[in-house]
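Please read the structure below before turning to the comments.
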Amino acid sequence: MKNHCIKGVIFQFLLLACIPLCSLAQKDTLNRVWTHSSLAFMYDNGYVFPTNKFLKGNNSEDKKIKVFQAASIKFSTQKTGNRLWEQLYKYPVWGIGAYMADFYNRREIGFPIAIYVFLDAPFSRWEKSSFNYQIGFGATFHWKSFNPLTNQYNMSMGAGESCFIDAGLNYRYELAKNIDLAAGFSCTHFSNGALKQPNYGINTIAPKISIKYNFFDRPVFKKQEVPRFSKKNEWLIGVFGGLKNVIYDSVNTDIKEKYEGVFFPVFGVSTVFNRLVSYKSKIGIGLTATYNSSINAQVAVDKNELDIEKSPMRDKFQLCIYPSYELVVHKVSLIIQPAFYIYRKRTKIQTPDFHQRIGLKYYFTDRFFAGITLRDYAFHVSDVIEWNVGYRIK
């Protein structure tokens with residue numbers, strides 16, 4: 001896959017992340033958005049987890065990459081309770097942000113820039129303050145990615161683009177009539193989802209401080225009676241597809257061809273049985289059957305090009321089971337699924353049986369949905385990105 005294909009997939013991730021943002025605002029007029037809009041500036045300075053050799057010091061400077069700094073500018077809109085979900089989430093804010101990071105090694109890492117959407121919702125709200133959680137999803141560009149000739153140490157990023165996942169906590173205080181001050185911390189994950197190897201990713205944690213200017217007077221939040229929730233069940237059926245890049249270090253071929261690697265299709269079906277326990281939460285159990293054509297695959301060199309040799313199809317099937325939690329925000333869901341392989345062919349080199357699945361899902365109608373799920377292991381190494389569509393049976 002060429003670099004422009006990687007950019008296309010990452011752009012699709014950003015586009016999918018923006019769909020929920022549009023959903024949250026679909027009934028707001030442009031005037032209402034501007035009436036309750038804010039602009040915030042945020043600064044981070046924190047720690048880089050040493051999850052691979054490059055970050056531990058195996059780089060051109062022979063120094064650990066353990067600290068970073070970052071700045072963000074965020075445009076957001078305050079929800080005031082026009083719809084029930086806004087009241088249930090204690091009147092959150094949502095918006096779009098631009099993020100710029102400096103890992104103090106621009107020669108090998110570059111100067112990454114992310115565009116992301118976010119939701120900032122209170123756990124508790126008081127007269128002049130609130131304690132909040134924030135989640136953000138987007139895409140990061142401008143990495144100085146791995147190159148076997150000019151940047152051979154950077155095993156963290158195999159492409160110039162990656163996904164951006166951020167989650168954190170903060171405390172906000174009304175400093176003045178139109179000014180808020182907030183402090184907290186967040187964890188951030190950068191990875192291209194194994195679309196291009198090497199891809200060990202970068203994970204950070206950082207305290208952060210932000211100042212926000214509100215272009216509106218403090219709103220009066222609307223309250224309505226919350227109907228009693230009736231617990232119910234649903235059954236989800238979906239199909240997915242993706243790509244996985246594999247590099248064969250041992251083959252005798254041109255170094256550029258070797259590190260371009262081979263791209264293997266990954267596809268399958270999944271099903272989840274959920275119990276809707278509240279307006280905001282679903283819990284359930286799921287099963288996913290995957291055909292991963294990279295498993296136990298062998299290649300041969302023909303005229304300096306890598307050719308995939310045939311291998312038994314039955315070796316490439318995987319079956320995993322997982323408990324599932326779904327956080328529902330209007331038509332959008334955040335999905336967390338700790339998973340276990342219960343069937344797959346044993347090979348000399350393979351990922352752990354226990355792995356993690358985290359994703360976003362958007363309901364276009366009451367029945368049909370589309371989403372993206374990142375499958376990883378060891379809580380920081382990406383395995384594959386699943387693009388999925390599905391149907392809900394109530």
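Computed from the coordinates by the stated procedures, all read-outs in this text should not be read as laboratory data. This structure is a prediction, so every number in the text was calculated from the model and none was measured. Note that we place each Cβ from the backbone using ideal geometry, even for glycine, and neighbour counts take in every protein chain shown.
Build a GNM of the chain with springs between Cα atoms under 10 Å apart, and of Trp85, Trp235, Trp94 the one that fluctuates most is Trp235. Overall, the stretch 302-390 carries a charge dipole of about 260 debye about its Cα centre when +1 sits on the Cβ of Lys and Arg and -1 on the Cβ of Asp and Glu, all other atoms neutral.
Seen from Arg218, the other residues with C-beta closer than 9 Å to its C-beta sum to a net charge of -1, counting Lys and Arg as +1 and Asp and Glu as -1. P(r) for the stretch 186-317: what percent of alpha-carbon pairs falls in each 5 Å bin, starting at zero? In whole percents, the pair-distance histogram is 2, 7, 10, 10, 10, 12, 11, 10, 9, 7, 5, 3, 3, 1, 0. Under 20 Å from a point placed 7 Å out from the Cα of Phe229 along the Cα-to-Cβ direction: which residues of the stretch 341-383 have their backbone N that close? The answer is 359-363, 366-367.
Using a Förster radius of 41 Å, what is the FRET efficiency between Asn45 and Ile285 based on their Cβ-Cβ separation? Nearest 0.05, please.
0.50
Dipole of the stretch 216-362 computed with +1 at Lys/Arg Cβ and -1 at Asp/Glu Cβ about the Cα centre; of Leu276, Phe263, Asn296, farthest Cα towards the positive end is Leu276.
Exposure proxy for Thr365, Thr351: other Cβ atoms within 10 Å of each Cβ, ordered fewest to most, give Thr365, Thr351. Based on Cα contacts under 8 Å between residues 6+ apart, the stretch 93-214 shows a relative contact order of 19 percent. When each of the peptides 173-180, 113-120 is scored by the mean number of other C-beta atoms lying within 10 Å of its residues, the order from highest to lowest reads 113-120, 173-180.
Which ordering of Phe267, Phe216, Phe68 is given by a fewest-first count of other beta-carbon atoms within 10 Å?
Phe216, Phe267, Phe68
Ranking Asn154, Val239, Thr51 by Cα position along the charge dipole of the chain, where only Lys, Arg, Asp and Glu carry charges on their C-beta atoms, puts Val239 farthest toward the positive end. Between Trp126 and Thr351, take the C-beta separation as r, use R0 = 45 Å, and let me know the FRET efficiency to the nearest 0.05. Once rounded, the FRET efficiency stands at 0.50. Residue order for Cys320, Cys187, fewest other beta carbons within 10 angstrom first, comes to Cys187, Cys320. Roughly how tilted is helix 3-25, in degrees to the nearest 10 and between 0 and 90, from the longest Cα axis of the chain? That works out to roughly 20 degrees. When only the Cβ of Lys, Arg, Asp and Glu is charged (+1, +1, -1, -1), the dipole of the chain relative to its Cα centre reaches about 1180 debye. For the stretch 232-393, a simple Cβ point-charge model (Lys and Arg +1, Asp and Glu -1, everything else neutral) yields a dipole of about 800 debye relative to the Cα centre. Annotation: lysines with alpha-carbon distance below 28 angstrom to Lys53 (same-chain offsets under eight excluded): Lys2, Lys7, Lys63, Lys64, Lys66, Lys144, Lys196, Lys208, Lys244, Lys256, Lys258, Lys348. Positive end of the dipole of the chain (Cβ unit charges, origin at the Cα centre): among Gln134, Gln224, Thr35, the Cα lying farthest that way belongs to Gln224.
Bridgeable lysines around Lys212 (alpha carbons under 22 Å apart, same-chain partners fewer than 8 residues away excluded): Lys74, Lys79, Lys90, Lys128, Lys177. Between Ala71 and Gln298, what FRET efficiency follows from the Cβ-Cβ distance if R0 is 56 Å, with the result rounded to 0.05? With R0 = 56 Å, the Cβ-Cβ based efficiency is 0.75.
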